[in-house]
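Colleague: Let me begin by handing over the structure; questions about it come next.
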Amino acid sequence: MEIIHFPDDERPARWRSPVLALGNFDGLHRGHMKIIERVARVASERALVPVVVTFDPHPTHIVRPDKAPPLLMTKAQKIEGLARAGMHGVAVVRFTPEIAHWDPETFVRIVLADWLHVGEVWVGANFLFGHDRRGDFSVLRELGVRYGFRTEKIDAVRYKDFVVSSTRIRRLIAEGRVDEAAALLGRHYFVDGTVVHGDARGRTLGYPTANLETANELLPPNGVYASMVNLGATIHPSITNVGVRPTFGRGLPTVIETFLFDFEQDLYGSSMRLWFVQRLRDERTFDSVDSLRAQIDADCARARTLFERISL
């Protein structure tokens, strides 16, 4: 995987008339993957390089910072997912206030034609670009004729009665409906991070937890979740509490605490990927430590029953 940034880097010589997927691709959901898979196939058939053009930061962080949504993925997670999907390159446009004011033709001329010498561009049906989002697929196709590249689009992917979108997935996760979000993503929602020291309360309850510090922007709401943990190539079933542990006092910071089933190794300092499978219950205050312990017993039993029905 080759990664270049606009305007700092030159186009690699082997990117001869690359086939591009163009978009933000936050979350790499089912709709995104349909575009990515089509680009990979077309590029392979024509012995060309499949490349994704994306933006960092997300344009809304520049254009409407007060309305910018929490992202579903970090830049590193997105690049990892694109490489796994068969992309050979990622061209990251460093989005600035100046670029935000470019009209559609300026973007096409400078980025797609002059910088990348693109041969073919694929976008989603609802792709918009340029100042005030004045460019759509029809504009891009007309500009492609002018600047010498083909333009194609992929129709939106639907799930039940609605279109799969990053906006809808963010809303589902923010509401704790992580199992529904997984149906749109094509996988469970995950965050990455490092295991850090906590206050060891879980250990005193008989449930030692891994406390995760993450750079991911979006967490599901406070509550208890059936979850899975990636440690290297191994997946471990678990339960996770996101919250402030109200039984132990007020004003405590929000933490992500995960108890791995049948696991006893020291994880401090380890990198961990945490997948949210299903919400089990709200976080609540218990009148005693014994009541809390009994509830954790019930949470674990419910999660184990769930994992017996699904494949990890």
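Colleague: Rank the residues Tyr207, Tyr268 as a footprinting-exposure proxy: fewest other Cβ atoms within 10 Å of their Cβ go first.
Modeller: Arranged by neighbour count, lowest to highest, Tyr207, Tyr268 become Tyr268, Tyr207.
Colleague: Which residue, chosen from Trp115, Val51, Gly135, occupies the Cα position most advanced towards the positive end of the dipole of segment 27-141, where the dipole is computed from +1 (Lys, Arg) and -1 (Asp, Glu) charges on Cβ about the Cα centre?
Modeller: Val51
Colleague: On C-alpha positions alone, give me the angle between the axis of helix 137-147 and the longest principal axis of the chain, in degrees, nearest 10.
Modeller: So the inclination is approximately 40 degrees.
Colleague: Here's a follow-up. Considering every pair of different Cα atoms, what Kirkwood radius, in Å, is found for the chain?
Modeller: That comes to 21.4 Å for the chain.
Colleague: Also: Where Rh is the Kirkwood radius over the Cα pairs of segment 106-191, the temperature 20 °C and the viscosity 1.002 mPa s, what D in µm²/s does Stokes-Einstein return?
Modeller: Here the translational diffusion coefficient equals 143 µm²/s.
Colleague: Nearest 20 debye, what's the magnitude of the dipole of the chain about its Cα centre given +1 on Lys and Arg Cβ and -1 on Asp and Glu Cβ?
Modeller: The dipole of the chain has a size of about 760 debye.
Colleague: More than 22 angstrom separation, counting every C-alpha pair in segment 2-162; what % is that?
Modeller: In whole percent, the share of Cα-Cα pairs in segment 2-162 beyond 22 Å is 38.
Colleague: Treating the angle as unsigned and between 0 and 90°, give the value, to the nearest 10°, between the Cα long axis of helix 289-309 and the longest Cα principal axis of the chain.
Modeller: Around 50 degrees separate the two axes.
Colleague: Suppose we take every Cα in segment 146-282 and form the convex hull; what volume per residue is that in Å³?
Modeller: 168 Å³
Colleague: Please identify every one of the GluC sites (Glu not before Pro) in segment 1-110 that sits in a loop by DSSP and has no more than 15 other beta carbons within 10 Å of its own beta carbon.
Modeller: Here the GluC sites (Glu not before Pro) that fit, given the DSSP loop and packing criteria, are Glu10.
Colleague: Among residues other than His188 whose Cβ falls under 14 Å from its Cβ, what is the net charge (Lys/Arg +1, Asp/Glu -1)?
Modeller: That works out to +2.
None of the figures in this text is laboratory data; all of them are computed from the coordinates on show. Computed from a predicted structure; not experimentally measured. So basically every Cβ, Gly included, is an ideal-geometry build from the backbone, and we count neighbours across all protein chains shown.
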